Each structure stands twice: as C-alpha cells, then as structure tokens.
Amino acid sequence: MTNSVDVAIIGAGLAGLAAARQLSIHGVEVAVLEASDGPGGRVRSDYVDGFTLDRGFQLYNPAYPEAARVLDHAQLDLHKLSGSIGIVGEGTLHSLTDPRRNLLKALSGLSPSTGHLTGKAKLARYAWQQYRRSVAEIESQPDVDALTALRAAGVDQRTIDQVLLPFFSGVFLEPDLSTSRRFLDLVLRTFVKGTPSLPRAGMQAIADQLHAALPEQSVKFHSMVRSLSGTTVCTDDGATHARAVIVAADAPSAAHLLPGLPIPAGHHVTTWYHATDQVLHDGRPTLVIDPTRSGPLVNSVPLSNAVASYAPPNFTLISSSALTSHGTEHQVRHQLARMHRAPTNSWSLIGSYSIDYALPAMSVPLQVRKPTRLSDSIYIAGDYRATASIQGAMVSGRRAADAILQDWAIPVDKVTR
Ligand SMILES: Cc1cc2nc3c(=O)[nH]c(=O)nc-3n(C[C@H](O)[C@H](O)[C@H](O)COP(=O)(O)OP(=O)(O)OC[C@H]3O[C@@H](n4cnc5c(N)ncnc54)[C@H](O)[C@@H]3O)c2cc1C
C-alpha cells in the first residue's frame, strides 16, 4: 500500500507528538509512524493489579517552559513529590527538605554531618545564579563537567559526596557527575522554579494528552519504519511518500535510519517496583538516596505517598532505581530495608524495567540546541538533539516543526496552546 502525506514523522515519543501537534495546528497534514503499540516512547505507564508503574522512575516538572506552554496541567491533575530527602548514613537516615522544591530551604535543613555551612551557602548561591540566567546565558558559559563546576563554585567535598553525587546520579543516570555543567545548570534552574510532580493517572497521561489532541488516525501504531529513502518511508505495510520527514526516533534507532548520524552514548537504568501494606516515612514521599553505595540502588521513594492513585487503598508502592542491570532482587530488597528502615521480607515485587538507553549522555561540551534541519526535506528531533528530558524532547519536536513551517513560508503562530 502506498500513501502520501505532507510530513511523515518517525516516532510517537514526546518529540514526535510535539512536532505533529505544531504542524497540525498550522494546517499541515501529518502521518506519525510508531513502531510500538502506543504513544509516549520512554514516557509510558503500565497498570498492574491496581498499581501504576511508569516505565522507569521519572518526574514531570511543571516549570518546563515548553511543556507548560503545551500541556493542560489541570487535566493532568499533577501531584507534587514534595516530601523530604533521606540520606542513608552509618545506621542513620538524615532528612532534609526536598531540594527540588526549594533548594535553599533544603540546604538550610542539612544536618551538620552532611557538609560545611559555607559549602551549602555556595551551592545555594550557585543554584540561584542559574535561576536568574537565561538559557542562552547558560549555553554561553564555558563548559566543564558538573563536578568541576560545583567544586569551582566552592561547594565542599562532603556536600558533594553525601548529597549531590548520590542525588544527581539518579537524575543524570551516571555515577560521577561527569555530565555537562550546562545541563546541571538547566536542571537546577528548573528545580528552583518548580516542583517535580506526577500526573494522577501516571506519566502516560502526558503522552495520551498530546496524542488525543492530534487529528484522528494521524498516528499509526505497530508501524516500524524499516528504511528511509529520500522522503519515502517504508514500513512492513508499504511506503509513505512525504514532502518532508521528521526523524523523531530515539538516538540509536535514528542512527540506524540515518547512517553516519552522530549520537551520544546512552545511560542505563533499572527501576524496581515493590508493594507493601506498611506505612513508610509516616506517609511522606521521602526520596531516599544512598551515598554509602551499599547495594545497586541509587534512590528509592514510596511513590504512592505522593500520588495515592498509584496503589490500591492500604498499599504503598515503592519505586527504586539502579544504574546497573546486575543487581539481584535479593540485593535490592536487602538495600531497601536499610534505605527505608523497615523489614522488606514480605514486600511483593510488582514489576521491574531495565532500560538500556534511558537517557542520552549530556557530555562536555554540550550543545543544547542542535540543528533540526539535516537537508532540505529531512528534519530531526529527539531529546538527544536538545536536553535529556521531557522539556528537551518536546522543544526539539516543536523546533523541527517550526523549521518546516519556515521553509514552507507558513507563518508560525507563537501562541499555540
Ligand atoms: C527511566 C527514565 C527516567 C527519566 N526521568 C526523567 C525525568 O524525571 N524527567 C524528565 O524530564 N525526563 C526524564 N526522562 C527522559 C525523557 O523521558 C526522555 O528524554 C523523553 O521522553 C524522550 O522523548 P523522545 O521523543 O525524544 O524519544 P522516545 O521517547 O525514545 O521516542 C522515540 C519513539 O520512536 C519510536 N521509534 C524508534 N524507532 C522507530 C522506527 N524505526 N519506526 C517507528 N518508530 C520508531 C520508539 O518506539 C519511540 O516511541 C527519563 C527517561 C527514562 C527512560
């Protein structure tokens, strides 16, 4: 079967959906070809026995500017993950207010054993500097790795080792703060501006909302694009001829379709979901990090303490993430007992997800805005073309669409909510 369309978009992750949205709003006909059975790419959820399992622990920050412009937050019914942070120490669990809610408040809550006062003040000052900077200013700063940037800002080694390294290894999905300071700065800026949250119906609700706003039948599932030749895309069902193509696949898949495309290395994560009828941390959504590295996990959080709908009544759903796929469930359970200071023998394993290319590495030097136009008819989008985030994916998709609109002399409506 042969079809023709204005723009063929490969991939219905957030980048592809955002591109499709922007083009559709401007009257351009799109066909989104998606290999899997639903929208969202890496932002999907499963619903198992009354539990909501996001495919990998992730959070949505309502301060993401592009996402906030496009998404209906009220419909998502966002629940803030605004508990405290627990830090596993030798037999103790220090608590501090979640720095993703208010970094300064969190710092003032740090116990004396987790860093010198001046180091904390310097981190706070550093974070507020990023808050005040524009993205362009952040991009124009000389790039170094996050560890070097934090040290240069005067943050002491103890604060780095006890708090920042274990915390950010769960955000960047790498263990040594080798990520670009530009990405660190953007993340800090967003943490100061907004509270990471979860939609009541799970992260899938974000993708579903974008999908629902598109013209009917514009997304075709179970449509793996096997090859791209000029502006003709081929699936097992036939060819689609388009005036232009946006490749919005994840980086490894994009490199398969576009040989020679440089792509960043990827970071792995494994997320484990357990359930218990115990009440953990007095019902607060405490994010526990483990600087002692006493097991495979980097963090663990009783998610349903933030969003009750993630678990059936009287159950707690715990999400725990590891940067390695080598940890056994026995090791995980053992570490969880230390992290949550609770017996875990009776906890049930509800599911686990091992994701190889969860995030593209944001290595030094980081170009935050990579070109969207590969040729006069092939465009490209995806988080690895911007930043490794929901914001990055969505803004990259919209920019690729804008490039087509510009090339086709279609005026871009800046307010397209
Ligand atoms: C575990 C985890 C935790 C994360 N945590 C956060 C977080 O807390 N906050 C945050 O902002 N971001 C987080 N992220 C990052 C965020 O989810 C991603 O950056 C974003 O979803 C990437 O979107 P994308 O559209 O660029 O790519 P993808 O979501 O990978 O979408 C690409 C799509 O293309 C499809 N595809 C690939 N090849 C083909 C082909 N040949 N034919 C047809 N279709 C194809 C794929 O099936 C997929 O649906 C996390 C990601 C993971 C995995």
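Worth a mention:
- Measuring nothing but how far apart in sequence close Cα pairs (under 8 Å, 6+ apart) lie, relative to its length, the chain scores a relative contact order of 26 percent.
- Least to most buried among 270, 118 (fewest other Cβ within 10 Å first): 118, 270
- Residue 316 sits among other residues whose Cβ lies under 12 Å from its own Cβ, and their net charge, with Lys and Arg +1 and Asp and Glu -1, is -1.
- Secondary structure note: in the chain, about 70% of the DSSP beta bridges are antiparallel.
- Given charges at Cβ of Lys, Arg, Asp, Glu: the chain dipole, positive-most of 367, 378, 219: 367
- Neighbour counting of Cβ atoms within 10 Å sorts the residues 139, 66, 34, fewest neighbours leading, into 139, 66, 34.
- Volume of the Cα convex hull of the chain, divided per residue and given in Å³: 135 Å³
- Rounded to the nearest 10 degrees, the inclination of helix 14-25 to the longest alpha-carbon principal axis of the chain is 40 degrees.
- Over region 243-334, the Kirkwood radius and the radius of gyration, each from Cα atoms, give a ratio Rg/Rh of 1.17.
- The chain: calculated mean residue ellipticity at 222 nm from DSSP helix runs of at least 4, using -39500 (n - 2.57): -8500 deg cm²/dmol
- Proximal charge balance of residue 198 [Cβ under 11 Å; K/R count +1, D/E count -1]: 0
- Against the rule of thumb 2.2 N^0.38 Å, how large the Cα Rg of region 251-292 comes out: 2.13
- Cα-based Kirkwood hydrodynamic radius, region 155-206, one decimal, Å: 12.7 Å
- Order of 246, 378, 160, 87 - criterion: other Cβ atoms within 10 Å of each residue's Cβ, fewest first: 378, 160, 87, 246
- Residue by residue, region 310-318 carries 3J(HN,Hα) couplings of 6, 9, x, x, 6, 10, 10, 9, 10 Hz when phi is fed to the Karplus relation 6.51 cos²θ - 1.76 cosθ + 1.60 (θ = phi - 60°); x denotes Gly or Pro.
- Approximating the spin labels as points 7 Å out from Cα along Cα→Cβ, the residue 334-to-residue 349 distance works out to 1.5 nm.
- Geometric descriptor of region 197-303, per residue, is 195 Å³ (volume of the convex hull of the Cα atoms).
- Total lysine pairs whose alpha carbons fall under 22 Å of each other in the chain (8 or more apart, or interchain): 8
- Most mobile of 269, 288, 279 in a GNM of the chain (Cα contacts under 10 Å): 279
Bear in mind these aren't lab numbers, they're just calculated from the coordinates by the rules spelled out. What you see is a predicted model, and the numbers here were worked out from it, not measured in a lab. Cβ sites come from the backbone with ideal geometry, for glycine too, and all protein chains shown count toward neighbours.
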